[in-house]
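**Student:** This structure is in structure tokens; I'll ask about it shortly.
Read the figures in this text as sums done on the coordinates, not as results from a lab. The shown structure was predicted, so the numbers you read here are calculated from the model rather than taken from an experiment. For neighbour counting, all protein chains shown are included, and Cβ atoms are generated from backbone atoms with ideal geometry for every residue, glycine included.
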2 protein chains.
Amino acid sequence: MKKLLIIGGVAAGMSAASKARRTDPNLHITVYTDEPYISYAGCGLPYFIGNNIPRADQLVARSVEQFAAQNIQVRKSCQVLEINSQAKSILINDLAAHNIFSDHYDRLIIATGARPYVPPLEGNDLPGIFVLRNITHSLAIRDFLQKEKPADLVIIGAGYIGLEMIENLLEYNARIILLERSPHIIPNMDEDLAAVLHNYLTAKGVEIRTNINILGFTGTDKVIGVKTDQGEIKAGFVLMSVGVVPNSELAGQAGIELGVRNAIRANERMETNLPDIYSAGDCCTTTQLITGRETYIPMGTTANKQGKTAGENAAGGSAFFKGVLGTGIARILDKEISRTGLTEKDCQSLNIEYRVSNIKTRTAAPYCSISGEIYVKLLADKNSRRLLGAQILGSSGAAKRIDVMATAITLQATIDQLIDMDLAYSPPFSPVWDPVLVALNQF
Amino acid sequence: MKKLLIIGGVAAGMSAASKARRTDPNLHITVYTDEPYISYAGCGLPYFIGNNIPRADQLVARSVEQFAAQNIQVRKSCQVLEINSQAKSILINDLAAHNIFSDHYDRLIIATGARPYVPPLEGNDLPGIFVLRNITHSLAIRDFLQKEKPADLVIIGAGYIGLEMIENLLEYNARIILLERSPHIIPNMDEDLAAVLHNYLTAKGVEIRTNINILGFTGTDKVIGVKTDQGEIKAGFVLMSVGVVPNSELAGQAGIELGVRNAIRANERMETNLPDIYSAGDCCTTTQLITGRETYIPMGTTANKQGKTAGENAAGGSAFFKGVLGTGIARILDKEISRTGLTEKDCQSLNIEYRVSNIKTRTAAPYCSISGEIYVKLLADKNSRRLLGAQILGSSGAAKRIDVMATAITLQATIDQLIDMDLAYSPPFSPVWDPVLVALNQF
């Protein structure tokens, strides 16, 4: 009986295990994870902190027992110390039993994920400074906020997690200060739409500082301030959400090739350069479908797809994962933002000649009470008129429209193939010209 | 100076006028309409009756004065009696001034729309029996419901308008009875999804009878009952929503070729068979993009697109409208339905070999309070695996996902091009596998 070992028990690892089981009912499958929780929805963590989800276990899609029922063995609190690709074995430290042992594999999937980046700054280990990546983090944050009731909550980094935390931190009735090193918030979108969101958040009482550099943290028994190049900012709580780094050291030490951002390089079949070793999820790279270039955009959706692909292939099947568009979406209070493909900044850095359509209309028929603002920005190649990217900002119902553009970009559509598309209309859902069509018709 | 005459002042007519003006600033443009209102949102009429829109004039997108400011002359209450394609003139009856006159055209656009079909049944002219197509109808219905306070409201026809009327008639705290001649409600969808909606509406207290034939109406000074082959049904109010017929008689009498359902036949440029005469909107046919066949699916969205195309071409430009997928959407209380492309019934009648994917999942991450049920049904060609159609039913946020499938079908995509698409995910918007991707992965 062949043996599949998987390192990592969250999105990519558990997707791989499930798909491998469906592909080969006889495969021996063991998952090793150094975490106490498995198969949890990392993207739900901000909502748990905001008390929108009563119990942390609601974030767990499936339990160890449920996997066991599928004949998938999950070993929690087991840290993998070494991969020996010659011997086809891994060395494991059982953190609970204080026992080091080795296990043999026929196929190995590395799904070790990523960890939050914490800049090496003075005072970064003070109590009250947190990162948010797993259930343990979220429990600690919720506990701290409830017990300490800090008056000043500082979020460092205005990407998806930083922004999603705003509505959840508002639950704690404290001052919220959002700090971003880039010239504007949500740096993976363009400045024009980011400015609309910036003004909205400011009107909601969120204090925002951009172009700011963090120099360190002050406090003795706990954090009391953030030192920046714009002066010291009072802080009783700090969330560091400035991005993640791939957990690729174990792979690197085993001679596995790394790519951009030091993430594990895997091909369309999720194979690494070493035989019978696959990788999937936030620890590995993928391909940007428009440019064809290797990229590192760790996302839960991609981790699931890569995991599924790795699991199928490791179990003897044949699957491919071609890459991503960098689609993203977030709700921030009653605004929604989304993006896919390339931004203006991307086009400029890639020397792509592009045209822009930038419109503002309504999410629903103007006479409907639920109708709200929506901004749609589209980018197309100047010569071929192929759609390159889209960004949306608006009220309820706005942002998921990005999927129409993601579909069109996936299928390499030109503006002219799309302008008269038969999209769904009824007054509660759209104006008679859907905002996406309005934007397409502006080119 | 060239002269463009347009017959019809709603979606297609006024879109044509606006686009013609933008295409040629010097064109002389006159719109004749026999209605007292122009440029109104017909699809909003149910919501006006439901008191969700306080004033009827909120449904009017632009006024006669606003069009006049663009140098577009609109003549209301003017009925066109005859088109003389030899003399290039039309004969008009000014219903207000009781004056018959003729006008010359260089280009003519026929956008006469459609009228509700009223079966020739005994008693169909009794007070209390209504159709809903224009603002006058909606004012009459609202007035009747408010004054008469009927206890039994019968809707005949369970298509989009009949279904959208349910939530609006519920405002009047009366018994609602929905009658449908077909074996199931929403006959342009398949029976399986229709059954889910049927059960939902029944649970909400709506009485539904299908497979029913209307034989006539009883009452003397006003309607008191509907005679059917399932017995007589008490009725203090009846809405006839059993479809529309194109207003194509004027065109037919002028020698203009008619197509399916006696609608005016126009090509991709919206030209009829007679020189310099165009047609657009609910009076004319279009092409079903999947089958390439002529079809008659009158919709506000299509009317706008056809109007825009006719206006551009009539003004000397060059535009094409290729056709439709038959996309539709409706909200019924807190459920949403949508469809695009072919249904199983369509495939069967066209002898297309197809495969079905039919899934049920959640609109958002299961631990989010806003997460609700969603059903997605997809059809693909058995051999080519090209996507042929989609149907969706679910709670808030479900139905607009149909646009992803409409985009994919427009671009003639196969299932395999779509299964790993980078669609947007964040817990309030979707499970980590978007319902559309779940359905695609089931093939």
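**Student:** Go ahead and set up a Gaussian network model of chain A, Cα springs under 10 Å, then flag whichever of A:ASP94, A:ASP143, A:ASP221 fluctuates most.
**Tutor:** A:ASP221
**Student:** Put the label 7 Å from Cα along Cα→Cβ for B:LYS149; what are its distances to the other copies, in nanometres, shortest first?
**Tutor:** Label-point distances to the other copies, shortest first: 5.3 nm.
**Student:** Right, another one. Residue by residue through the stretch B:48-58, which ³J(HN,Hα) values in whole Hz follow from phi under the Karplus form 6.51 cos²θ - 1.76 cosθ + 1.60 (θ = phi - 60°), with glycine and proline marked x?
**Tutor:** 5, 4, x, 6, 7, 10, x, 10, 4, 5, 5
**Student:** Taking Cα pairs under 8 Å and at least six residues apart, what relative contact order does the stretch A:187-235 come out at, in percent?
**Tutor:** 21
**Student:** What percent do you get for the relative contact order of the stretch A:298-352 when only Cα pairs under 8 Å and 6+ apart count?
**Tutor:** 20
**Student:** Ok, one more. Which distances in nm, rounded to one decimal and ordered from shortest, link the label point of A:LYS234 to the equivalent label points in the other identical copies, with labels set 7 Å from Cα toward Cβ?
**Tutor:** Output for A:LYS234: 6.9 nm, nearest copy listed first.
**Student:** I would also like to ask the following. Per-residue HN-Hα couplings for the stretch B:426-442, Karplus 6.51 cos²θ - 1.76 cosθ + 1.60 at θ = phi - 60°, whole Hz, x for Gly and Pro?
**Tutor:** 7, x, x, 10, 5, x, 4, 9, 4, x, 4, 6, 4, 5, 4, 6, 7
**Student:** Taking the number of other C-beta atoms within 10 Å as the exposure measure, put A:THR327, B:THR340 in order starting with the fewest.
**Tutor:** By the 10 Å Cβ count, ascending, the order reads A:THR327, B:THR340.
**Student:** Any lysines with Cα under 19 Å of the A:LYS234 Cα? List them, leaving off those in the same chain fewer than 8 positions away.
**Tutor:** A:LYS147, A:LYS149, A:LYS222
**Student:** Shifting gears a bit: Measuring from centroid to centroid over Cα atoms, what is the spacing of the stretch B:58-89 and the stretch A:45-107 in Å?
**Tutor:** That distance is 71 Å.
**Student:** Can you sort B:VAL244, B:VAL432 so the residue with the fewest Cβ neighbours within 10 Å comes first?
**Tutor:** B:VAL244, B:VAL432
**Student:** Can you give me the relative contact order of chain A as a percent, contacts being Cα pairs under 8 Å and 6 or more apart?
**Tutor:** Relative contact order here is 14 percent.
**Student:** Same structure again: What are the label-to-label distances in nm, one decimal and shortest first, from B:HIS98 to the same spot in the other copies, with labels 7 Å along Cα to Cβ?
**Tutor:** Spelled out, the distances from B:HIS98's label point are 10.9 nm.
**Student:** Within a 10 angstrom radius of each residue's Cβ in A:392-403, how many Cβ atoms of other chains show up on average? Whole number is fine.
**Tutor:** Average neighbour count from other chains, rounded to a whole number: 4.
**Student:** Sort B:GLU344, B:GLU122, A:GLU65 so that the residue with the fewest other Cβ atoms within 10 Å of its own Cβ comes first and the one with the most comes last.
**Tutor:** The fewest-first ordering by Cβ neighbours comes to A:GLU65, B:GLU122, B:GLU344.
**Student:** Which lysines have a Cα less than 19 Å from the Cα of B:LYS345, not counting those fewer than 8 places away in the same chain?
**Tutor:** B:LYS377, B:LYS382
**Student:** Under a 5 Å amide H to amide H cut-off, with H placed in plane at 1.01 Å, what residues pair with A:LEU239 once short-range neighbours are removed?
**Tutor:** A:PHE130, A:VAL154, A:ILE155, A:ILE156
**Student:** Would you list, by chain and number, the lysines whose Cα falls below 26 Å from the Cα of A:LYS76, excluding same-chain residues fewer than 8 positions away?
**Tutor:** Within the straight-line limit of under 26 Å, A:LYS76 reaches these lysines: A:LYS2, A:LYS3, A:LYS19, A:LYS88, A:LYS305, A:LYS308.
**Student:** When only DSSP loop residues count, what trypsin sites (Lys or Arg not before Pro) in the stretch B:30-126 have their Cβ near at most 11 other Cβ atoms within 10 Å?
**Tutor:** Answer by residue number: B:ARG55.
**Student:** So what is the 222 nm mean residue ellipticity for chain A from helices alone, if each DSSP H run of at least 4 adds -39500 (n - 2.57) and you divide by all residues, rounding to the nearest 500 deg cm²/dmol?
**Tutor:** -7000 deg cm²/dmol
**Student:** Here's another thing I want to ask about it. Give the residue from B:GLN348, A:SER430, A:VAL131 lying farthest towards the positive end of the charge dipole for the protein assembly as shown; charges sit on Cβ (+1 for Lys and Arg, -1 for Asp and Glu) and the dipole is referred to the Cα centre.
**Tutor:** Of the listed residues, the answer is B:GLN348.
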